[in-house]
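Each value in this text was obtained by applying a stated rule to the coordinates, not by laboratory testing. Since this is a predicted model, take the numbers as computed values, not measurements. Backbone-built Cβ (ideal geometry, glycine too); neighbour counts: all protein chains shown.
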Ligand SMILES: Cc1cc2nc3c(=O)[nH]c(=O)nc-3n(C[C@H](O)[C@H](O)[C@H](O)COP(=O)(O)OP(=O)(O)OC[C@H]3O[C@@H](n4cnc5c(N)ncnc54)[C@H](O)[C@@H]3O)c2cc1C
Ligand code: FES
Ligand code: FES
């Protein structure tokens, strides 16, 4: 088995490893770097559970060889929280009930991030298109779309609950 | 398995010449699926993604040259500049999902040679040629002559597909695909048309159909009929009947042949309507 050295940046940290030259990127991330937030659903590009960001673009890590990311900048879900605090997108998933079993969540969040980094105010259609390569067997997608909309700042997302007559009276004019 | 990463065309063709049982890997979206299914029997892979000159779209005097490593995401973004290539842009928009479009290359789509290849169907309507290079030779082949059977093409083991060449044209093109869902679905049937219409008559028309035969095909009989008649409702009606008759689809897991014939006519109607706009 041929061995090659690979160097790249993963979640902001420079990484250099010796690996089998035909190792898949997903296995490199999960087995060599223990980034198990990268999930393997289908292994064939259909489910998006293995989605990561490669130089800012969403890609399926099950369909790449690790040696193909030489010199690249990768982000996995582990790279989103800062100083122990979840990023806004992660928090929005929790707040909107967009996580059930959670298997699709890392990939879903990264597809959403790829969209929002380029287009901070997407329409619902653009959101649905951006996550069209990510399957979720639990949520029915609406809560996920809501979560993504919730942080695209100029859309009104969280529906205000109707005010009671008493609150209505006290409402500032 | 050895994997060689190259950054120049010279390196690539020289490796292809010396490594006897090697395959090229570009975006990997077809090849890696084959590999996990244990259907890839090669000793080494040559990763060509580092050859940056194969990622360019350039305008030449009489044609557009699209590098083989251009991804579908790039085609979707950049083809607005060439309105007559609308069919290819539309095919790029509908292909796969974002993760696939970001990696999948147009060269890989062509060499895979699936009768359902979305890029292929659009490029055939645009009368594209492809450029193949080996260490000893460079040749240009009309895309139409490239396919010999499902997944079979005339590419030689020592050749690399470097570019597609689309002649500049003055007409309009469009593409339509029917699949089981929007994202990630292999086409049940797809069609593309390129046409030049003057004073209610077709001066040029090319109609291509995907998933209708062992290779991507042109609907020559339907084209011939449309060329010979005025572009009106009756001609549209007759052409729909003709295309249903002309194609030879099969029953498979995705659809029956009868359904495909039905859909072929319906798509033709939609595309001819789009041309009128
Ligand atoms: C989930 C999923 C969804 C998909 N959806 C669609 C779809 O909607 N429509 C569609 O048409 N396809 C679809 N595909 C198929 C695939 O993505 C495309 O065919 C893609 O264009 C292949 O390009 P690639 O760069 O990934 O090729 P690779 O996998 O890298 O290579 C494919 C083949 O071409 C050869 N090759 C690649 N580049 C060259 C070159 N320059 N010269 C010589 N040989 C070369 C390789 O050796 C290999 O045999 C899908 C695939 C997946 C996994
Ligand atoms: S595991 Fe990669 S897409 Fe399903
Ligand atoms: S939360 Fe279970 S698959 Fe999406």
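Numerical summary
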{"read-out": "Partner chain coverage, peptide B:47-54 - average Cβ within 10 angstrom", "value": "2"}
{"read-out": "Residue B:11-residue B:145 FRET efficiency (beta carbon distance; Förster radius 41 Å; 0.05 resolution)", "value": "0.90"}
{"read-out": "With Cα atoms, 0 to 90° folded angle of helix B:9-18 axis to chain B main axis", "value": "70"}
{"read-out": "Which of B:277, A:118 has the fewest Cβ neighbours within 10 Å, and the rest in rising order", "value": "B:277, A:118"}
{"read-out": "Degrees between helix A:105-118 axis and first principal axis of chain A (Cα, 0 to 90, nearest 10)", "value": "80"}
{"read-out": "Average Cα contact separation per residue, chain B, under 8 Å, 6 or more apart, as relative contact order %", "value": "15"}
{"read-out": "Cα-projected label distance for residue B:154 with residue B:218, points at 7 Å along beta-carbon direction, nm", "value": "1.4"}
{"read-out": "Helix B:233-246 vs. chain B, principal-axis angle (Cα, 0 to 90°, nearest 10)", "value": "50"}
{"read-out": "At R0 = 60 Å, FRET efficiency that the Cβ-Cβ distance of residue B:270 and residue B:138 yields, to 0.05", "value": "0.90"}
{"read-out": "Cα gyration tensor shape for region B:11-85, rounded if a/c is under 1.5, else prolate or oblate", "value": "oblate"}
{"read-out": "Whole-angstrom gap from region B:205-226 to region B:234-276, using each part's C-alpha centre", "value": "10"}
{"read-out": "Inter-label distance, nm, simple model (7 Å from Cα along the C-beta direction), residue A:32/residue A:16", "value": "1.3"}
{"read-out": "Ranking of B:222, B:18 by count of other Cβ atoms within 10 Å, fewest first", "value": "B:18, B:222"}
{"read-out": "Exposure proxy ranking, count of Cβ atoms within 10 Å, fewest first, for A:33, B:54", "value": "A:33, B:54"}
{"read-out": "Förster-model FRET efficiency, 60 Å R0, residue B:170 and residue A:73, C-beta, rounded to 0.05", "value": "0.90"}
{"read-out": "Shape call, the protein assembly as shown: gyration tensor on alpha carbons, a/c limit 1.5", "value": "oblate"}
{"read-out": "For A:130-139, mean number of other protein chain Cβ atoms within 10 Å", "value": "3"}
{"read-out": "Alpha-carbon centroid distance for the pair region A:54-87 / region B:37-76, whole angstrom", "value": "23"}
